[in-house]
Amino acid sequence: MTATEFALRTDGVGKRYRKGWALRDCTLALPAGGVIALVGPNGAGKTTLLRLVVGLLAPSTGTVEVLGHDVTASTPQTLSRVGFLAQDHPLYKRFTVAEMLRFGRACNLRFDQGLAERRLAKLGIPLDRRAGTLSGGQQAQVALALALAKRPDLLVLDEPVASLDPLARHEFLQVLMGAVAEGGVTVLFSSHVVHELERVCDHLVVLNHGRVTLTGDIDTLLAEHRLLVGPRTATDLDRAGAVVEAVHSDRHTTLLVRDGAIPAAPGWQAQPVALEDLVLAYLRRPSEPSAAVTSGAPA
Amino acid sequence: MTWLIWRQHRTEVCVLGLLVGMFGIALLVLGTQAHDLFPGGPARCAGEAGINEDCAASFRRLDEEYGYVENLLAGFYLVPVVIGAFLGAPLLARELEDGTWQLAWTQAVPRMRWLAAKLAALAGVTVTLTGMFTAVLTWFRQPFDAWEGRFQYDAFDLEGLVPVAYALFAFGVATAAGAILRRSLPAFGVAFGAFLAARMPVALLARPAYATPLTSMEPVGVGGSKDQAGHRPVPSFADWIIEHGYADATGRRLSWTEYYELEGAANRAGTNFNQFLHARGIQQFGVYHPADRFWTFQLIEAALFVAVAAVLIGVVVWRVRRRMV
């Protein structure tokens with residue numbers, strides 16, 4: 001696999017603010033193509049990681065490589081290949097939509113004005129309205145149209161639907177997935193909602209307390225993990241570290257295990273695990289260094 | 001980038017341009033009338049005012065009819081500060097407030113190019129507007145300056161180079177404060193406060209020390225200080241007198257208490273005070289900067305404020321380059 005087949009590679013990336021480390025020892029290799037979800041609770045370091053990816057922040061340690069280029073170089077060529085939609089989709093509130101497009105055209109090497117206009121027309125967003133007077137969903141759509149008009153190879157979105165109502169959320173994701181289906185763009189987006197990820201994402205990165213706790217292709221992750229349900233047991237659950245989480249009820253013990261750790265004992269049943277439960281289990285784990293679980297990326 | 005900068009800052013530029021324009025027109029109208037009082041030019045008239053009755057009358061009329069404008073303008077030394085702070089404060093702060101820095105710096109224009117273009121354009125507007133303002137004001141004050149000199153606070157702080165330097169100082173402070181505080185309005189306030197805080201010690205302490213002042217020492221004439229035939233009073237009206245008073249025959253400066261004691265003694269003795277002083281060899285001294293140091297002092301003070309502005313802009317550039325904002 002050559003460097004450019006990775007949309008994103010980070011090596012030992014850390015970011016320290018005055019308050020402390022927001023991100024530590026983040027090593028990722030995310031394949032180009034498809035949709036990557038970055039999941040974690042509020043304050044896990046998602047925004048920091050995404051800002052590092054688009055070069056808005058410089059890492060305190062380590063290196064960030066986007067589409068095969070060191071991102072801190074910030075050349076017009078690398079900048080034009082990455083689209084970014086920041087949290088709360090900021091726009092110049094006093095610009096009209098047409099002026100926002102002119103801004104995009106003026107500040108980019110390639111900018112598909114026609115594409116943006118067609119997208120906005122389809123959504124019924126008038127070009128002469130001031131951006132600040134649009135609804136939240138419409139503002140998000142304008143910001144997305146702006147980012148897509150760059151025809152980026154990597155599109156990074158920070159909590160794109162968090163502030164939208166269900167309808168606007170649905171419309172937004174529809175447009176986004178439509179763009180993915182047209183091909184050529186790798187999408188990396190963050191979310192603290194795990195719900196519905198399975199439907200739209202190919203790849204998963206779980207971030208908790210500033211550390212990557214799980215990363216991998218979603219299908220592979222789901223195939224690797226099993227829920228084991230059996231009689232309540234108090235045995236040492238730490239064998240080989242294969243048990244991710246153990247939940248005990250009055251009579252039963254439910255284990256989330258990885259790598260086919262099938263119980264020898266009778267009376268145990270194996271079940272597939274839902275993505276949401278898998279993510280939650282990893283988020284509940286006490287944070288410890290070097291606990292990141294990496295699943296083989298499709299080679 | 002040109003279009004973007006214009007679109008983002010046109011409101012400030014237009015408002016400030018309009019205000020400076022209105023101010024300029026008003027001063028041009030008033031100033032033309034004031035200049036018309038001196039058909040031969042105010043400078044020549046000031047030289048002849050002692051002898052030429054017309055000139056003396058012209059200066060009296062100037063004071064009576066336009067003195068209020070002069071007094072009003074004394075407070076206008078803050079205008080360059082407003083211009084600089086108004087243009088500098090939103091440069092980064094507004095982007096940081098609205099989150100649009102994330103939009104601006106993820107397009108294909110690298111952030112350092114973005115910053116350089118913005119700084120150059122807005123500093124340019126600051127210099128242009130302040131320069132126009134100062135040019136009109138300096139022209140308006142010509143007759144007053146001919147009579148009063150250019151070292152007073154209502155002249156030195158409003159004329160020549162220093163207003164532009166004040167404006168750049170405010171621009172630098174406002175930009176840097178905006179980058180650190182991430183808010184426009186507090187950044188504007190910081191720039192304003194910083195200027196007021198800097199100006200006081202500069203005007204009172206630093207400015208007199210830009211060069212070593214000269215000292216004049218003359219015996220008190222029999223007919224009083226104004227009766228020195230053949231001399232023009234030293235220092236002259238256009239010089240900047242920092243200190244003046246009386247000294248005894250050895251050159252030791254007298255305190256004002258000693259001076260009043262002498263006056264009392266003269267009254268008790270029933271003699272003319274000037275003759276009394278003259279007889280004791282009392283001398284008049286003046287510590288002053290001659291009028292021709294005006295441009296030297298302007299250059300020094302402008303350099304001082306521009307240097308601070310440059311350092312602050314350097315801090316802004318460093319922060320943006322290090323991706324600290």
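Just so it is clear, none of the values below were taken in a lab; they were calculated from the coordinates. None of these values were measured; they are calculated from a predicted model. Because the Cβ atoms are built from the backbone with ideal geometry, glycine has one as well, and the counts that use them run over all protein chains shown.
Over chain B, what is the relative contact order in percent, taking alpha-carbon pairs closer than 8 angstrom and at least six residues apart? Working shown, then result.
Numbers: 417 pairs, mean separation 70.3, N = 325.
Taking the mean separation of contacting Cα pairs over the length of chain B, I get 22 percent.
List the Cys residues of the protein assembly as shown that have no partner Cys with a C-beta closer than 4.7 Å.
Singleton cysteines: A:CYS26, A:CYS107, A:CYS201, B:CYS14.
Could you tell me the center-to-center distance, by alpha carbons, between the range B:69-103 and the range B:254-314 in angstrom?
38
Relative contact order of chain A, please, whole-number percent, based on alpha carbon pairs below 8 angstrom and at least 6 residues apart. Could you put the intermediate results ahead of the total?
Numbers: 581 pairs, mean separation 60.2, N = 299.
The normalised contact order for chain A reaches 20 percent.
For the protein assembly as shown, what is the calculated [θ] at 222 nm in deg cm²/dmol (nearest 500), taking -39500 (n - 2.57) for each run of four or more DSSP H residues and dividing by its residue count? Don't skip to the end; give the middle numbers.
On the way: 21 runs with 302 residues, N = 624.
Estimated from H runs of four or more residues: -15500 deg cm²/dmol.
Taking K and R as +1 and D and E as -1, what net charge do the other residues with C-beta under 15 Å from the C-beta of A:VAL13 add up to? Intermediate values should be presented prior to the final figure.
Details: positive: A:ARG9, A:LYS15, A:ARG16, A:ARG24, A:LYS46, A:ARG51, A:ARG211, B:ARG323; negative: A:ASP11, A:ASP25, A:GLU65, A:ASP70.
Net local charge, A:VAL13 excluded: +4.
Helix B:2-36 versus the longest principal axis of chain B: what angle, 0 to 90°, nearest 10, using Cα atoms?
20
Just to verify a number: FRET efficiency for A:SER135 and A:GLU276, C-beta to C-beta distance, R0 = 25 Å, to 0.05? Mind showing how you got there, number by number?
On the way: r = 29 Å, r/R0 = 1.17.
Taking R0 as 25 Å, the efficiency between A:SER135 and A:GLU276 is 0.30.
Cα centroid distance between the range B:1-40 and the range B:188-225, in Å?
Taking the Cα centre of each part, the range B:1-40 and the range B:188-225 sit 30 Å apart.
Helix A:97-106 versus the longest principal axis of chain A: what is the Cα-based angle in degrees, 0 to 90, to the nearest 10?
Approximately 90 degrees, to the nearest 10.
Which distance in nm do the two modelled labels at B:HIS244 and A:HIS248 give, with both placed 7 Å along the Cα-to-Cβ direction?
9.9
Using only Cα atoms, tell me the angle between helix B:184-201 and the longest principal axis of chain B; keep it within 0 to 90° and round to the nearest 10.
That helix lies at roughly 20 degrees to the long axis.
Between B:ASP292 and A:ALA29, what is the FRET efficiency for a Förster distance of 56 Å, r being their Cβ-Cβ separation, to the nearest 0.05? Present the calculation step by step, with values, prior to reporting the outcome.
On the way: r = 73 Å, r/R0 = 1.30.
Rounded to the nearest 0.05, the efficiency is 0.15.
State the answer as a single residue: which of B:PRO186, B:GLY270, B:VAL82 lies farthest towards the positive end of the charge dipole of chain B, with beta carbon charges of +1 for Lys and Arg and -1 for Asp and Glu, about the Cα centre.
B:PRO186
Using a Förster distance of 51 Å, how high is the FRET efficiency between B:GLU65 and A:ARG16, based on the Cβ-Cβ distance and rounded to 0.05? It would help to have the intermediate numbers written out before the result.
Values: r = 67 Å, r/R0 = 1.31.
In this case the efficiency is close to 0.15.
Whole angstrom only: what separates the Cα centroid of the range A:64-105 from the Cα centroid of the range A:113-160?
Value for the Cα centre distance between the two parts: 13 Å.
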